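Data block below; observations after.
The values are calculated or read from the model by the stated rules, or taken from the named source; none is laboratory data. Bear in mind the structure is a predicted one, so any value in this text is a computation, not a measurement. All Cβ positions, even for glycine, are placed from backbone atoms using ideal geometry, and neighbour counts span all protein chains on display. These accessible areas exclude ligands, DNA and RNA; they are computed on the full protein's heavy atoms, side chains included. Shrake-Rupley method; radii C 1.70, N 1.55, O 1.52, S 1.80 Å.
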Amino acid sequence: MVVDPRQILEILRRVARGKGFTPLHEPQFAGREWAYVKECIDTNWVSSAGSYVEQFETRLADVCGTKHAVALVNGTSALRICFVIGGAKSDEEIILPALTFVATATAAAYVGAVPHLADSEPETLGLDAAKLKAHLGRIAKSDGKSTVNHETGGRIAIIVPMHTFGHPYDTDAISSMAHAFGIPVIEDAAESVGSYYRGRSCGLLGLLSALSFNGNKILTSGSGGAILTNDENLTRRAKHLSTTAKFPHAWDFNHDEVGWNYRLPNINAALGVAQLKQMPGFVAAKRKLARKWQEAFAGIDGVSVFVPPTCAESGHWLTALILSPQSRHLRDDILALTNAAGVMTRPVWKLIHHLPVFENCPRMNLDAATDLAQSIINILSSAKHSFANAA
Ligand SMILES: *Cc1c(COP(=O)(O)O)cnc(C)c1O
């Protein structure tokens, strides 16, 4: 059965309700945001030192159940620092999904590494562990501690799975294959605050993880990111490198390597602390909205709402429609119709190697990611819609 674009618009409109433009994902400021930000201004603590930064890190670590959180200016810089302290060097390879936001690949390029693109699976929208294992078996040599791509000569330094739209990737499968090759896993957990895999929090499933608190994510600090880890040394490294590699001292300037100015400003952390206090409500609202969308699209021809496997308890950052193979050719018609009507929808990202700067990246067969890229449409996902009458 082929999808009818007008029917999709009609269903989306029932939820959008308001006149004018309805964004895909809006932040919600219903807590102490104003008071905390004002306090930063009233006390002059607006920049990278201040009590909200520490509060944000402590609360975030609590919420996620990790020992340490390091707050940074955005998710992209969090990925970059993760790759540096995770041991990726120039000309080494970092395995990441072809189906991800460009920042995963950009951060690899920042450290001089080469993104090596892997396929995704339709069940989770995350990396396909079995396919990746078979691919590495063909192109790489491993002694169980270190793995080298014998086609390019590059060491494979890191595997970076990503929890697409907040849905956990198949963690057990990825972890065990990565372990067999002796390759550390660093999670791109930018979209998965509030998501769990078999009861374990996303962001705690590898050596390190990078989170994002951009304005369109579940929880926002305006712009912001964080690194989560249980490793004390890595935490110290992350703080040091993101604070211009400066040693604390009462008055002197001592920097022992090339660092970055990547710490989260206090004013952003203040916003983040206020948002963190509302986290349980945000996640509950997103889950409710996801169920509403599933009901609204049940029985509609040519399209379904993506539902993660039962071992996942997703935060449902963005709801995704999946077009049937017979309906994919109508994807752009649906996008054009809905956006022209003021109801924001988006395709999923272009596959990384379809971007000119990454077109020559080493890659495996990407059939599943290619299918997904043609079939996904993200629809209205703001927490506030869960209170509107969807179905
Ligand atoms: C948002 C996002 C990032 C980058 O986060 P910023 O805070 O915008 O730099 C990285 N990876 C994925 C998958 C994202 O969705």
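Hey, could you check the range 130-158 for residues that are basic (Lys, Arg) and assigned to a strand (DSSP E or B) and say which is most open to solvent (accessible area, probe 1.4 Å)? Give the derivation first.
Narrowing the range 130-158 to residues basic (Lys, Arg): 131, 133, 138, 141, 145, 155.
The next check asks that each one be assigned to a strand (DSSP E or B); those that pass are 141, 155.
On the way: Lys141: 139, Arg155: 76 Å².
Looking at residues that are basic (Lys, Arg) and assigned to a strand (DSSP E or B), I get Lys141.
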Tyr169 passes all but one of (1) part of a helix (DSSP H, G or I); (2) among the aromatic types (Phe, Trp, Tyr); (3) touching a Pro at 6+ places or on another chain (Cβ under 8 Å); which number fails?
(1)
Out of Asp332, Asp252, report the one residue that is over 30 Å from Val3 (Cβ atoms), surrounded by fewer than 15 Cβ atoms within 10 Å (Cβ to Cβ) and free of Cβ contacts under 8 Å to residues at least 60 places away in the same chain.
Asp252
Looking at Ser120, Ser90, which one is among the hydroxyl-bearing types (Ser, Thr, Tyr), free of Cβ contacts under 8 Å to residues at least 24 places away in the same chain and under 30 Å from Met364 (Cα atoms)?
Ser90
Within the range 188-226, residues more than 9 Å from the ligand (Cβ to nearest atom), over 29 Å from Ser176 (Cβ atoms) and open to solvent by less than 10 Å² (accessible area, probe 1.4 Å) come out as Leu219, Thr220, Ser221
For the range 99-129, give me the residue count where each residue is assigned to a loop (DSSP other than H, G, I, E, B), open to solvent by 10 Å² or more (accessible area, probe 1.4 Å) and within 11 Å of the ligand (Cβ to nearest atom).
1
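Suppose the filter is more than 16 Å from the ligand (Cβ to nearest atom), more than 20 Å from the chain's Cα centre (by Cα) and buried (at least 23 other Cβ atoms within 10 Å of the Cβ); does Asn233 pass it? Talk me through it step by step, then tell me what you get.
Working: more than 16 Å from the ligand (Cβ to nearest atom): yes; more than 20 Å from the chain's Cα centre (by Cα): yes; buried (at least 23 other Cβ atoms within 10 Å of the Cβ): no.
Judged against the criteria, Asn233 is not a match.
Conditions (1) small (Gly, Ala, Ser); (2) modelled with pLDDT of 95 or more, marked per residue:
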residue	(1), (2)
Ile267	no, yes
Gly272	yes, yes
Gln275	no, yes
Ala285	yes, yes
Trp293	no, yes
Gly299	yes, no
Val303	no, yes
Pro308	no, yes
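When you scan the range 252-270, do you find a residue that is of a type in the set (Phe, Trp, Tyr) and within 30 Å of Ser381 (Cβ to Cβ), even just one? Write out each step before concluding.
The first filter runs over the range 252-270 and keeps only residues of a type in the set (Phe, Trp, Tyr), leaving 253, 260, 262.
Still in the running and within 30 Å of Ser381 (Cβ to Cβ): 262.
Taking every residue of the range 252-270 in turn, at least one turns out to be of a type in the set (Phe, Trp, Tyr) and within 30 Å of Ser381 (Cβ to Cβ).
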Within the range 257-315, work out how many residues are buried (at least 21 other Cβ atoms within 10 Å of the Cβ), out of contact with any His (no Cβ under 7 Å at 6 or more places or on another chain) and polar (S, T, N, Q).
3
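Quick one: which helices (runs of 4 or more DSSP H) lie wholly within the range 1-67 and hold at least 3 residues that are farther than 30 Å from Ser324 by Cβ?
33-43, 51-64
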The range 33-80 - residue that is of a type in the set (Lys, Arg) and surrounded by fewer than 24 Cβ atoms within 10 Å (Cβ to Cβ) and, of those, nearest to the ligand (Cβ to nearest atom)
Arg59
